[in-house]
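Shown next, in structure tokens, is the structure this report addresses.
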Amino acid sequence: MEPEIQFHAIHEKTKMTNLDLLFSFKGRIGRAPFWVYYLFWNLVFICLALLAFSMSGKFLLTFAAIYMLVTLYPTLAVNIKRCHDRGRSGWFMLVSLVPIVSFWYLAEVGFLPGESGENEYGAESSLDLSEVFVGPQGLRAGWSAAILFLLTLLFMAVLGTLATAIAKPAHDANPNLLTPKTGLIVELIQFFALLGAGTVVAYIERRRILDYNLTGPRCFVHFLSGLAAGFVALSVLVGAMNWGGWLHFGPVTLTGAQIFGFAAIWGVIFLLTGLFEEGGFRCYLQCILTRGINFWWAAGAIGLVCLLLALLVKGNCVWGVYAIALLGLFPCLMLHIRNTPRSGFWQAAWVTSTFFGLIHITNNGENWIGIFAAALIGFVFCVSVRLTGTAWWAIGCHASWNWAESYFYGTPDSGMVVTGHYMSSTPSGNVLWSGGTDGPEGSLLVLGAILLLLTALLVIYGRKSAAALAAPVAD
């Protein structure tokens, strides 16, 4: 009897981990872990369904079926352990497949308490549910990212409805033509939606908004440096295209006060663009994921997105996402194998850069080069955060790049042309070099401009790069 008593004493003290909860058919769990799993399951489903809808414009039953298939194993594991807690075999799950009788199953596993003490399936669960939500550095990264994503979409829907009721923005006859009024309304909605969602996340995590990669030494200087870098890099790109005969300039379209008026309004609009996109990806998501992601979570997230693209999106744009996903796979795997300290930043950079390219596939006129370029420059912006300790260089570079491309040179930006641009231009020749309807970002030459930005970052901040790489950006 003594060995048996000793075994049970050890078993009762054994703590169930999150991996045990999701991937083991042995043991028991109570009602709370059961419902927490389904809360997480539905939250992830909603996020992915909204993402799939934004890519395809419709909800597909195929997506729902694939999601249920991918999550089948952990769903079975959770339900079987809950059946064990009620003193029943895992085969009791089959009751859930019978119409009407399935309510009996839900009542049993969802609302009735488990058997007290130890039963034939083991001791009562010792799973600490707080670890599902909270890690060593606060709210777990997955929950924070999901809350940020859902709240941003919710606030955008609310603010968009209010803007439509108040401002009644006119629908442009040409969907590829962006007016200052429409651009300002859209960017204000996006900016305040992210600000509202970020404020809620910061409150939950007990942080300041500035803690999300918006503090650091000489922020204003970094911002001005980014402004200069973005304009110079885009100018070099446009100059190279003109020199090669793939872009021809026409007459100046503005005169007098119009030049300064449109320059100012488009400057404000593209600054808001930089604040929204860099705020979402290089501030919130980069900071959140850095503290709570490893290679397998990063690879899983990117793999799932690539699967959704393969199923839902047609056209060659998706190859830009596939390319950046593959480009980051081997380096991130090596960081994981070597157990490199603080490699979470680069795993997070791989994810945020891939997702940054992903959000551009819905733009009219995009090609795979433009998508890959968007993701690649997203990675350069991550490098700037690492080297400077702040996202302000990226915000400035992003804003001035778009301003120079759309307003100053009058070229298409992701297929969109703005009204009130200073210069006029026309693409010419092979689309691989001219970018076609995508503009300079769709030209192969854009890769050289991006490498120029990366080189400038390393040269300007190279002396401090060793210290920056050794120190964590986010707590």
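The values are calculated or read from the model by the stated rules, or taken from the named source; none is laboratory data. It should be emphasised that the depicted structure is a prediction, and the values quoted were computed from it without experimental measurement. Using ideal geometry, Cβ is built from the backbone for each residue, glycine included, and neighbour counts are taken over all protein chains shown.
Annotations for the structure displayed:
- Condition check for Ser343: over 17 Å from the mean Cα position of the chain (by Cα) and closer than 30 Å to Ile259 by Cβ: no
- Taking (1) modelled with pLDDT of 75 or more; (2) in a helix (DSSP H, G or I); (3) in contact with a helix residue (DSSP H, G or I) (Cβ under 7 Å, 6 or more places away or on another chain); (4) buried (at least 17 other Cβ atoms within 10 Å of the Cβ) in turn, Gly27 satisfies each apart from (2).
- Subset of the range 93-121 (residues that are of a type outside the set (Ser, Thr, Tyr) and assigned to a helix (DSSP H, G or I)): Met93, Leu94, Val95, Leu97, Phe103, Trp104, Leu106, Ala107, Glu108, Val109, Gly110, Phe111
Residue-wise test of (1) surrounded by fewer than 24 Cβ atoms within 10 Å (Cβ to Cβ); (2) over 17 Å from the mean Cα position of the chain (by Cα); (3) polar (S, T, N, Q).
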{"site": "Phe356", "(1), (2), (3)": "no, no, no"}
{"site": "His360", "(1), (2), (3)": "yes, no, no"}
{"site": "Phe372", "(1), (2), (3)": "no, no, no"}
{"site": "Ile377", "(1), (2), (3)": "no, no, no"}
{"site": "Phe381", "(1), (2), (3)": "no, no, no"}
{"site": "Arg386", "(1), (2), (3)": "yes, yes, no"}
{"site": "Ile395", "(1), (2), (3)": "no, no, no"}
{"site": "Phe408", "(1), (2), (3)": "yes, yes, no"}
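- Pairs meeting the criteria (first residue in the range 283-304 and closer than 17 Å to Phe330 by Cβ, second residue aromatic (Phe, Trp, Tyr), beta carbons under 6 Å, at least 6 apart or on different chains) are Ala298/Trp350.
- If the condition is being of a type outside the set (A, V, I, L, M), buried (at least 19 other Cβ atoms within 10 Å of the Cβ) and assigned to a helix (DSSP H, G or I), then the range 293-321 contributes Phe295, Gly320.
- Filter result for Arg206 (basic (Lys, Arg) and surrounded by fewer than 19 Cβ atoms within 10 Å (Cβ to Cβ)): yes
- The condition of being closer than 30 Å to Gly429 by Cα and either among the aliphatic types (A, V, I, L, M) or in a loop (DSSP other than H, G, I, E, B) (or both) holds for Ala240.
- Exactly one residue among Glu108, Glu124 is over 15 Å from Tyr38 (Cα atoms), outside the structural domain of Tyr38 (by TED's automatic domain parsing), surrounded by 16 or more Cβ atoms within 10 Å (Cβ to Cβ) and of a type outside the set (Val, Ile, Thr), and that residue is Glu124.
- Restricting the first member to the range 210-224 and to residues that are closer than 22 Å to Thr290 by Cα and charged (D, E, K, R), and the second to residues that are in a loop (DSSP other than H, G, I, E, B) and at pLDDT below 95, the beta-carbon pairs closer than 9 Å and six or more apart or on different chains are Asp211/Ala474; Asp211/Asp475.
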